[in-house]
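To start, the structure itself, in structure tokens.
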Amino acid sequence: MSSVRIETIKPHIGGIVHVTKQHLLDNETVQTVQQALEDRNVLVFPQLHLTDSEQVAFTDKLGKRGSYTQKAPGNDASAKDVYTVTLDKKVNRQPEYVLGTFFWHIDGVTIDQPLPKATLLTARRLAPSGGQTEFSSTYAAYESLPDAEKRAIESLKVLHRMESSMQPVFEHLSAEDLVRWRAMSTPMVHPLVWTHASGRKSLVIGTHADHVIGQPIAHGRSLLIRLQEWAAQPAFSYRHEWSEGDLVIWDNWGVMHRVVPYDESSGRRMHRTTIMGEERMAGSAPFEQRLAS
Ligand SMILES: [Fe+2]
């Protein structure tokens, strides 16, 4: 009998992985999980209670481990490449960066490197209220668009920048804040519709998406917000109610996510590892570089 089984959560998104810690690193488990990540996009491993080193070992089995937030505040967990996601000022003295996670985003969009392939998150401490993570499949959102709309957006390019994803966090961004966010990131131009090497397509959207290149600002922003709303509809999304020790992995190439607000004083802590991407999006480049070429 197989030691790993995937249970579907919703038709377009989500799977529960039934496996014990003892069988987690088995080749059969790794292959099943890699395939399920493609098919289900978000995978929940209920109450697996991985230590940092166990999470790192599993990350290494699934792909090329890395970190895209070496420059981000809070990068001080016990194991290398484990980032603590928390608003707790004892761990992270600049929690504004983590407040950005209250809004829909894709991880690592404003870094000049291939987009991280997948993110792994273990719940170490929960908030008494809030703190659920919501996921939306931008593969399903794209696939379900009417054909005319697919054609209309097919060749559009979008400027993504970190200060746009920080805009909702502040009443206004100070000059020092702008300098800080710009030092941590690279403004990137990405295609709105990402055609993967496999031929599959997904939308590249989130609050970091600032405007559509070559369109009047209001028109482009309206389109981006409409697509975000479309993708966030219940059919394409899943809200995870965390239990302590849950591990969730998502396919960052076709999933945007956000967290339901929780209190800074709650002590909520998530330990994150990242599988790096190997394939750059076709047509993706730093903003300045595009202007120069
Ligand atoms: Fe994130």
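A few notes on this one:
- Across Leu224, Leu121, Leu173, mean-square fluctuation computed from a Gaussian network of the chain (C-alpha pairs under 10 Å connected) peaks at Leu173.
- Positive-end ranking of Ala118, Ser174, Ala148 along the dipole of the chain, with charges on Cβ about the Cα centre, is headed by Ser174.
- Largest GNM mean-square fluctuation across Arg258, Arg180, Arg40, computed for the chain with C-alpha springs under 10 Å, falls on Arg180.
- Per-residue ellipticity at 222 nm from helix content only, as computed over the chain with -39500 (n - 2.57) for each DSSP H run of at least four residues, stands at -7500 deg cm²/dmol.
- With only the Cα atoms considered, region 130-195 has a convex hull volume of 150 Å³ per residue.
- In this structure, the residue pairs whose Cα-Cα separation is over 32 Å, taken from Lys61/Lys157; Lys21/Lys157; Lys117/Lys150; Lys21/Lys201, are Lys61/Lys157; Lys21/Lys157; Lys21/Lys201.
- Space enclosed by the convex hull of the alpha-carbon atoms of region 1-134, per residue, Å³: 133 Å³
- Stokes-Einstein D for region 216-293, Kirkwood Rh over Cα pairs, 25 °C, 0.890 mPa s (µm²/s): 147 µm²/s
- Difference of contour (0.36 nm per residue) and Cα-Cα distance, Ala282 to Arg200: 28.2 nm
- Debye log10 I(q)/I(0) at q = 0.28 Å⁻¹ for region 1-67, Cα point scatterers: -1.39
- Note on region 166-275: Kirkwood radius taken over Cα pairs, Stokes-Einstein applied at 25 °C and 0.890 mPa s, translational D equal to 144 µm² s⁻¹.
- Of all the options Ala57, Ala183, Ala175, the one that moves most in a Gaussian network model of the chain with Cα springs shorter than 10 angstrom is Ala175.
- The charge dipole of region 135-197, taken about its Cα centre with unit charges on the Cβ atoms of Lys, Arg (+1), Asp and Glu (-1) only, comes to about 200 debye.
- Kirkwood Rh in Å, taken over region 88-226 so that all alpha-carbon pairs contribute: 16.7 Å
- Chymotrypsin sites (Phe, Trp or Tyr not before Pro) lying in DSSP loop within region 74-175, provided at most 14 other Cβ fall within 10 Å: Phe170
- Using the Cβ-Cβ distance between Met1 and Ser155 with R0 set to 45 Å, the FRET efficiency from 1/(1 + (r/R0)^6) comes to roughly 0.35.
- Summary value for the chain: 33 percent relative contact order, contacts being C-alpha pairs under 8 angstrom separated by 6+ residues.
- Debye-formula intensities of region 202-261, expressed as log10 I(q)/I(0) at q = 0.25, 0.27, 0.30 Å⁻¹, are -1.15, -1.24, -1.36 (one equal scatterer per alpha-carbon, no solvent).
- Considering only beta bridges that DSSP places wholly inside the chain, some 95 percent are antiparallel.
- With 10 Å bins beginning at zero, the pair-distance distribution over Cα atoms of the chain amounts to 6, 29, 37, 22, 6, 0, 0 %.
- Site-free segments of the chain were taken between GluC sites (Glu not before Pro) in DSSP loops having at most 13 other Cβ atoms within 10 Å, sites themselves excluded; the longest one is 1-153.
- With θ taken as phi - 60° and the Karplus curve 6.51 cos²θ - 1.76 cosθ + 1.60 applied, the whole-hertz 3J(HN,Hα) list for region 134-141 is 10, 10, 9, 7, 7, 6, 4, 4 Hz, x standing for glycine and proline.
Every number in this text was worked out from the coordinates using simple rules, so none of it is lab data. For clarity, every value in this text was computed on a predicted model and none was experimentally measured. FYI the Cβ positions are ideal-geometry reconstructions off the backbone, even for glycines, and counts take in every protein chain you see.
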